Every structure is written in C-alpha cells, then in structure tokens.
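Notes follow once the structure below has been shown.
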Amino acid sequence: MLVTNLEIVPGKRIQKHYGLVQGSSVRAKHVGRDIMAGLKNVFGGELKGYTELLQESRQEATDRMIEQARAVGANAVLNVRFSTSSVTAGAAELFAYGTAVILE
Amino acid sequence: MLELITLIVLLALGYGFGRVAELRHYRSIQSREAQYRNLPAIATKFPDPSLRPRETNLVTGNVVISVDYFKRFLSQLRNIVGGRVKAYETLLDRARREAILRMKEDAHSQGASLIFNVKLETSSIYKGKGRAIGSVEVLAYGTAFMD
C-alpha cells in the first residue's frame, strides 16, 4: 500500500478513484503520564510520554485508514491529511484521511 | 504566606530549569539542522514530473512540548496589558523546528533525498490551571522521495 500526501505519484497514472477513506483513534492518557506532565509544566521541556502516545494513536488511525483502503480494493492512498481534536479533557482524537485509488 | 513561598519556589524552579532546557534545546536544534541541511523539506504540492523516485513514503515527526511555570506566569501578566508573548513564541518555534527535524530523521533513516508537500499541524494538548495552555503538539508530515 502506497501512502502519500501528494496528489499525484510521479511516473504513475491513476486508474481508478475510490473516494475518501478514513481512520480515527481516540486515546486518553493515563494517570502516571499526567503526573509527569504536571511536573514538566513547572520545569518546561518535552513531554515524551505524550509524544509517544500521540504517535502511537496516529499510527493506529493511519493503519485503520489503510485497512479501509485495502477493503475497497485500492493499492494506494493519496493526499493524506492528519487532524487532531480534543474531545473531552484528557482525551484526543487523531484522524487520518485520504483518497483511495488504484495506481497502474 | 505559605502560598507565596510556594509560588516563589515554583517560579524560581521554572525560571532556572526552563532556561537551561530551552538553551540546550536550541543548541541541539541548530546542530541537527546543520546536519540535515542536504535533505530539503519542500512545501511544493506538485513535484517536478521529471523526478522518478524509486519509492515514495509518508514520513512524520511529532513533538509535545511544555512551557515552564515562570513563562506561563509571565504570559498571564501579559494578558493584562496585551502585546507580544515572547515566551510562547519561542515555545512554538522550538516545537515546529523539532517536529521538522524528527520528520527529516525519519526520512533520512529510509534513505530519502527530498521531502515534498510538508504540512505542519499544531494543537494544544494540555490545558493547565486556569485554562492556560500548558503544552502544544506539533506534527510535521510530508512525502519522502527515495532515489
């Protein structure tokens, strides 16, 4: 599965469009990470726990999107975008979407 | 009285550690930026059609970074009179450059020579006391060309 955020792939023609595919993942942080974040809010600096958490859930969202693309029979997802929104306090939704196509 | 002492201690800790952390971070950013100068990240949507990459791949880099207590305190004071909030400007600058660097590291490890259509996304993650924004997440992503 080719995943790209370009609208075209150089040297390859789009044979068929399947439309939008998407994947999302809502994650909450656990208490331990929250305490660490509280400390970091005093000292400043990177919140490694959060960085990893968001990376993992974004990967999961991407995987779900790819799964959906595979289910409709596509072999590539073009023009992929990511978006983040906080649903409630302490939980965030990571969302990935793109256009499923068949490339020759 | 005790509250005042706590506040002063927190401010001092935030000032001391925050300053050191920021200086160290900037130094690390500058040295790594020099290291990856030969791997350009471009915001162009349509790459030159004559380019024939062997492979393309989505590369990402993200970072969550927090402002220290002292700066948050300063920015709350700033809210009263208005104007530039320098403390947050450096926070966002550091976060963006760090995210781009991590994206470049990801691309470099896959043997890429160019990154196209770079997008940056910023979101606030942690709202501290009094809904003051404590930390931001920056995500950088793009399409890496391997040749």
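The values are calculated or read from the model by the stated rules, or taken from the named source; none is laboratory data. Since the model is a prediction, treat every value here as computed from it, not as a measurement. Neighbour counts are summed over all protein chains in view; Cβ atoms, including those assigned to glycine, are modelled from backbone coordinates with ideal geometry.
Below are the figures for this structure:
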read-out: Residue list for segment A:76-104, filter: among the polar types (S, T, N, Q) and surrounded by 16 or more Cβ atoms within 10 Å (Cβ to Cβ); value: A:Asn79, A:Thr84, A:Thr99
read-out: Per-region count, segment B:29-63, residues over 16 Å from B:Gln110 (Cβ atoms) and either at pLDDT below 90 or part of a helix (DSSP H, G or I) (or both); value: 16
read-out: Scope segment B:1-21; condition of a type in the set (A, V, I, L, M), assigned to a helix (DSSP H, G or I) and more than 12 Å from chain A (Cβ to nearest Cβ); matching residues; value: B:Leu2, B:Leu4, B:Ile5, B:Ile8
read-out: Odd one out for B:Glu89, checked against (1) surrounded by 11 or more Cβ atoms within 10 Å (Cβ to Cβ); (2) within 19 Å of the chain's Cα centre (by Cα); value: (1)
read-out: For B:Arg24: the one exception among (1) within 15 Å of the chain's Cα centre (by Cα); (2) in contact (Cβ under 8 Å) with a residue 24 or more places away in the chain; (3) within 11 Å of another protein chain (Cβ to nearest Cβ); (4) over 19 Å from B:Thr143 (Cα atoms); value: (2)
read-out: Contacts under 9 angstrom Cβ, first residue in segment A:1-28 being free of Cβ contacts under 8 Å to residues at least 24 places away in the same chain, partner surrounded by 16 or more Cβ atoms within 10 Å (Cβ to Cβ), 6 or more apart; value: A:Pro10/B:Pro47; A:Pro10/B:Pro53; A:Pro10/B:Thr56; A:Pro10/B:Phe145; A:Gly11/B:Pro53
read-out: Evaluation of B:Ser109 against (1) facing chain A (nearest Cβ under 9 Å); (2) closer than 26 Å to A:Leu2 by Cα; (3) without any contact (Cβ under 8 Å) to a residue 24 or more places away in the chain (one fails), failing number; value: (1)
read-out: Condition met for B:Tyr69 (surrounded by fewer than 19 Cβ atoms within 10 Å (Cβ to Cβ) and closer than 27 Å to B:Leu7 by Cα); value: no
read-out: Some residue of segment A:51-69 being surrounded by 14 or more Cβ atoms within 10 Å (Cβ to Cβ) and over 23 Å from A:Asn5 (Cβ atoms); value: no
read-out: Qualifying positions in segment B:41-83 - under 24 Å from B:Gly16 (Cβ atoms) and either in contact with a Phe, Trp or Tyr (Cβ under 8 Å, 6 or more places away or on another chain) or within 7 Å of chain A (Cβ to nearest Cβ) (or both); value: B:Val63, B:Val64, B:Ile65, B:Ser66, B:Val67, B:Asp68, B:Tyr69, B:Phe70, B:Lys71, B:Ser75
read-out: Qualifying residue in segment B:65-73 (condition: within 19 Å of the chain's Cα centre (by Cα) and among the aliphatic types (A, V, I, L, M)); value: yes
read-out: Tally of residues being within 12 Å of chain B (Cβ to nearest Cβ), in contact (Cβ under 8 Å) with a residue 40 or more places away in the chain and among the polar types (S, T, N, Q) across segment A:50-104; value: 2
